[in-house]
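What follows is one structure encoded as C-alpha coordinates, with my remarks underneath.
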Amino acid sequence: MERFRPVRSIAVPFARDNIDTDQILPARFLHLPRDADHGACLFRDLRGAPDFPLDRPQWQGARIALGGRNFACGSSRENAVWAMHGHGFRAVIAPSFGDIFAQNGLKNGLLPVRLPEATVAAMIARAEAEPSAELTVDLQAQQVIDADGVAHPFEIDPFARRCLLEGIDELAFTLSHEEEIAAFERRIGRENS
(Lines give C-alpha, C1' and ligand atoms only; values in the text may rest on other atoms or scores of the structure.)
Protein backbone atom coordinates (compact mmCIF):
# COMPACT_ATOMS: atom_id res chain seq x y z
CA MET A 1 0.00 0.00 0.00
CA GLU A 2 1.34 3.43 -0.87
CA ARG A 3 1.70 6.11 1.80
CA PHE A 4 -1.20 8.51 1.97
CA ARG A 5 0.02 11.98 1.07
CA PRO A 6 -2.09 15.15 1.03
CA VAL A 7 -4.46 15.06 -1.95
CA ARG A 8 -5.27 18.29 -3.77
CA SER A 9 -7.79 17.71 -6.51
CA ILE A 10 -11.08 18.58 -8.07
CA ALA A 11 -13.91 16.54 -6.55
CA VAL A 12 -16.56 14.50 -8.34
CA PRO A 13 -20.02 15.07 -6.83
CA PHE A 14 -22.20 11.98 -6.46
CA ALA A 15 -25.16 13.94 -5.10
CA ARG A 16 -27.33 11.01 -4.03
CA ASP A 17 -27.90 9.22 -0.76
CA ASN A 18 -27.59 5.46 -0.37
CA ILE A 19 -25.27 4.72 -3.29
CA ASP A 20 -24.61 1.05 -2.69
CA THR A 21 -21.67 -1.23 -3.40
CA ASP A 22 -23.55 -2.95 -6.24
CA GLN A 23 -23.78 0.41 -8.02
CA ILE A 24 -20.10 1.12 -7.33
CA LEU A 25 -19.04 -2.31 -8.65
CA PRO A 26 -21.77 -4.52 -10.12
CA ALA A 27 -21.80 -8.13 -8.92
CA ARG A 28 -20.82 -9.56 -12.29
CA PHE A 29 -17.32 -8.12 -11.79
CA LEU A 30 -16.70 -9.73 -8.41
CA HIS A 31 -14.91 -12.66 -10.03
CA LEU A 32 -12.03 -10.43 -11.14
CA PRO A 33 -8.71 -11.13 -9.38
CA ARG A 34 -7.23 -8.51 -7.05
CA ASP A 35 -4.74 -7.31 -9.65
CA ALA A 36 -7.35 -6.75 -12.38
CA ASP A 37 -8.37 -3.26 -13.50
CA HIS A 38 -11.35 -2.81 -11.18
CA GLY A 39 -11.31 0.93 -11.91
CA ALA A 40 -12.53 0.23 -15.46
CA CYS A 41 -15.67 -1.34 -13.95
CA LEU A 42 -16.46 1.51 -11.55
CA PHE A 43 -20.16 2.47 -11.72
CA ARG A 44 -20.38 0.43 -14.95
CA ASP A 45 -24.18 0.22 -14.95
CA LEU A 46 -24.63 3.95 -14.32
CA ARG A 47 -22.12 5.14 -16.91
CA GLY A 48 -23.67 6.61 -20.03
CA ALA A 49 -26.73 7.89 -18.15
CA PRO A 50 -27.50 11.56 -18.75
CA ASP A 51 -25.17 13.75 -16.71
CA PHE A 52 -23.51 10.90 -14.78
CA PRO A 53 -20.55 12.68 -13.14
CA LEU A 54 -17.80 10.26 -14.18
CA ASP A 55 -18.76 10.71 -17.83
CA ARG A 56 -18.38 14.49 -17.69
CA PRO A 57 -15.05 15.88 -18.94
CA GLN A 58 -14.79 18.49 -16.17
CA TRP A 59 -14.30 15.78 -13.54
CA GLN A 60 -11.84 13.56 -15.39
CA GLY A 61 -8.77 12.85 -13.28
CA ALA A 62 -10.45 13.68 -9.98
CA ARG A 63 -8.89 12.00 -6.95
CA ILE A 64 -11.61 13.00 -4.48
CA ALA A 65 -15.25 11.87 -4.54
CA LEU A 66 -18.13 13.57 -2.73
CA GLY A 67 -21.11 11.47 -1.71
CA GLY A 68 -24.44 11.69 0.03
CA ARG A 69 -25.55 9.97 3.21
CA ASN A 70 -24.79 6.27 3.63
CA PHE A 71 -22.28 6.17 0.77
CA ALA A 72 -21.33 2.61 -0.21
CA CYS A 73 -23.99 0.87 1.83
CA GLY A 74 -25.01 -2.65 0.96
CA SER A 75 -23.09 -5.86 0.68
CA SER A 76 -19.58 -6.46 1.89
CA ARG A 77 -17.47 -5.85 -1.21
CA GLU A 78 -13.83 -5.08 -0.84
CA ASN A 79 -13.87 -4.97 -4.64
CA ALA A 80 -15.92 -1.75 -4.48
CA VAL A 81 -12.99 -0.08 -2.73
CA TRP A 82 -10.60 -1.55 -5.30
CA ALA A 83 -12.75 -0.03 -8.05
CA MET A 84 -12.72 3.43 -6.46
CA HIS A 85 -8.97 3.23 -5.82
CA GLY A 86 -8.29 1.73 -9.24
CA HIS A 87 -10.09 4.63 -10.90
CA GLY A 88 -7.76 7.03 -9.10
CA PHE A 89 -9.75 8.12 -6.06
CA ARG A 90 -7.77 8.48 -2.83
CA ALA A 91 -10.50 9.97 -0.64
CA VAL A 92 -14.29 9.92 -0.44
CA ILE A 93 -16.02 12.65 1.56
CA ALA A 94 -19.57 11.99 2.78
CA PRO A 95 -21.76 12.52 5.85
CA SER A 96 -21.84 8.76 6.47
CA PHE A 97 -20.65 5.50 4.95
CA GLY A 98 -21.54 1.86 4.90
CA ASP A 99 -19.45 0.55 7.81
CA ILE A 100 -17.83 -2.29 5.90
CA PHE A 101 -16.90 -0.03 2.97
CA ALA A 102 -15.29 2.46 5.37
CA GLN A 103 -13.25 -0.29 7.05
CA ASN A 104 -12.24 -1.80 3.70
CA GLY A 105 -11.25 1.65 2.46
CA LEU A 106 -8.92 2.23 5.39
CA LYS A 107 -7.28 -1.15 4.80
CA ASN A 108 -6.80 -0.54 1.07
CA GLY A 109 -5.57 3.04 0.84
CA LEU A 110 -8.89 4.81 0.22
CA LEU A 111 -9.65 7.37 2.92
CA PRO A 112 -13.33 7.71 3.93
CA VAL A 113 -13.82 11.18 5.42
CA ARG A 114 -16.97 11.90 7.43
CA LEU A 115 -17.99 15.54 7.52
CA PRO A 116 -21.27 17.16 8.57
CA GLU A 117 -24.07 16.85 6.04
CA ALA A 118 -24.34 20.61 5.50
CA THR A 119 -20.59 20.86 4.84
CA VAL A 120 -20.68 18.04 2.29
CA ALA A 121 -23.80 19.51 0.65
CA ALA A 122 -21.97 22.84 0.25
CA MET A 123 -18.95 21.06 -1.24
CA ILE A 124 -21.19 19.19 -3.70
CA ALA A 125 -22.96 22.43 -4.70
CA ARG A 126 -19.59 24.12 -5.21
CA ALA A 127 -18.26 21.21 -7.30
CA GLU A 128 -21.36 21.30 -9.48
CA ALA A 129 -21.22 25.08 -9.94
CA GLU A 130 -17.43 25.34 -10.25
CA PRO A 131 -16.02 21.99 -11.38
CA SER A 132 -12.45 23.32 -11.32
CA ALA A 133 -12.66 24.17 -7.59
CA GLU A 134 -10.16 22.04 -5.69
CA LEU A 135 -10.24 20.47 -2.27
CA THR A 136 -7.29 19.28 -0.21
CA VAL A 137 -7.50 16.22 2.00
CA ASP A 138 -4.69 16.29 4.56
CA LEU A 139 -4.62 13.13 6.65
CA GLN A 140 -1.62 14.25 8.72
CA ALA A 141 -3.53 17.36 9.86
CA GLN A 142 -6.89 15.50 9.78
CA GLN A 143 -8.64 18.17 7.79
CA VAL A 144 -10.23 18.92 4.46
CA ILE A 145 -9.47 22.36 3.10
CA ASP A 146 -12.19 23.66 0.80
CA ALA A 147 -11.77 25.90 -2.24
CA ASP A 148 -12.09 29.00 -0.05
CA GLY A 149 -9.28 27.86 2.26
CA VAL A 150 -11.60 26.89 5.12
CA ALA A 151 -10.37 23.86 7.06
CA HIS A 152 -12.86 21.19 8.09
CA PRO A 153 -11.46 18.79 10.72
CA PHE A 154 -12.35 15.10 10.66
CA GLU A 155 -11.90 12.15 13.00
CA ILE A 156 -10.14 8.89 12.17
CA ASP A 157 -9.05 5.87 14.17
CA PRO A 158 -5.42 6.52 15.21
CA PHE A 159 -4.22 3.06 14.16
CA ALA A 160 -5.84 3.34 10.72
CA ARG A 161 -4.36 6.82 10.33
CA ARG A 162 -0.90 5.54 11.19
CA CYS A 163 -1.17 2.64 8.73
CA LEU A 164 -2.31 4.95 5.91
CA LEU A 165 0.40 7.53 6.60
CA GLU A 166 3.10 4.83 6.72
CA GLY A 167 1.68 2.91 3.77
CA ILE A 168 1.38 -0.36 5.66
CA ASP A 169 -1.42 -2.81 6.26
CA GLU A 170 -2.17 -4.70 9.48
CA LEU A 171 0.10 -7.60 8.55
CA ALA A 172 3.04 -5.30 7.75
CA PHE A 173 2.45 -3.52 11.06
CA THR A 174 2.54 -6.84 12.93
CA LEU A 175 5.70 -7.92 11.10
CA SER A 176 7.38 -4.64 12.04
CA HIS A 177 7.23 -5.89 15.64
CA GLU A 178 8.80 -9.25 14.86
CA GLU A 179 11.68 -8.81 17.35
CA GLU A 180 9.34 -7.88 20.19
CA ILE A 181 7.06 -10.82 19.37
CA ALA A 182 10.02 -13.23 19.33
CA ALA A 183 11.28 -11.87 22.67
CA PHE A 184 7.81 -12.27 24.18
CA GLU A 185 7.58 -15.86 22.90
CA ARG A 186 11.02 -16.67 24.38
CA ARG A 187 10.04 -15.15 27.73
CA ILE A 188 6.73 -17.03 27.84
CA GLY A 189 8.53 -20.23 26.85
CA ARG A 190 10.98 -19.85 29.76
CA GLU A 191 8.20 -19.06 32.21
CA ASN A 192 6.18 -22.09 31.17
CA SER A 193 9.03 -24.60 31.17
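The values are calculated or read from the model by the stated rules, or taken from the named source; none is laboratory data. Just so it is clear, the model here is predicted, and its values are computed rather than measured. For neighbour counting, all protein chains shown are included, and Cβ atoms are generated from backbone atoms with ideal geometry for every residue, glycine included.
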Q.
So, in segment 1-55, exactly how many residues are acidic (Asp, Glu) and either touching a His at 6+ places or on another chain (Cβ under 7 Å) or closer than 15 Å to Phe89 by Cβ (or both)?
A. 2
**Q.** Listing of strands (runs of 3 or more DSSP E) fully contained in segment 39-122 that carry 2 or more residues being within 20 Å of Glu166 (Cα to Cα) and in contact with a strand residue (DSSP E or B) (Cβ under 9 Å, 6 or more places away or on another chain)
**A.** 91-94, 111-114
(Q) I want to confirm something. Restricting to segment 134-163 and keeping residues that are part of a strand (DSSP E or B) and of a type in the set (D, E, K, R), which single residue is farthest from Ala62 (Cα to Cα)? (A) Asp138
Q.
Can you pull out every residue in segment 35-57 that is at positive phi and of a type in the set (A, V, I, L, M, F, W, C)?
A. Phe43
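Restricting to segment 22-37, name every residue that is within 25 Å of Arg161 (Cα to Cα), modelled with pLDDT under 95 and not basic (Lys, Arg). Show your work before the answer.
Taking segment 22-37 and keeping what is within 25 Å of Arg161 (Cα to Cα), we get 24, 34-35.
When the remaining residues are screened for being modelled with pLDDT under 95, the result is 34-35.
Passing the criteria: only Asp35.
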Q. Name the pairs: first residue in segment 27-48 and of a type in the set (Gly, Ala, Ser), second residue surrounded by fewer than 17 Cβ atoms within 10 Å (Cβ to Cβ) and part of a helix (DSSP H, G or I), Cβ to Cβ under 8 Å, at least 6 apart or on different chains?
A. Gly48/Asp55
Q. Does segment 144-157 hold any residues that are surrounded by fewer than 18 Cβ atoms within 10 Å (Cβ to Cβ) and out of contact with any helix residue (DSSP H, G or I) (no Cβ under 7 Å at 6 or more places or on another chain), and which are they?
A. Ile145, Asp148, Gly149, Val150, Ala151, Pro153, Glu155, Ile156, Asp157
Q.
I want to confirm something. Restricting to segment 90-138 and keeping residues that are closer than 18 Å to Ile156 by Cβ and charged (D, E, K, R), which single residue is surrounded by the fewest Cβ atoms within 10 Å (Cβ to Cβ)?
A. Asp99
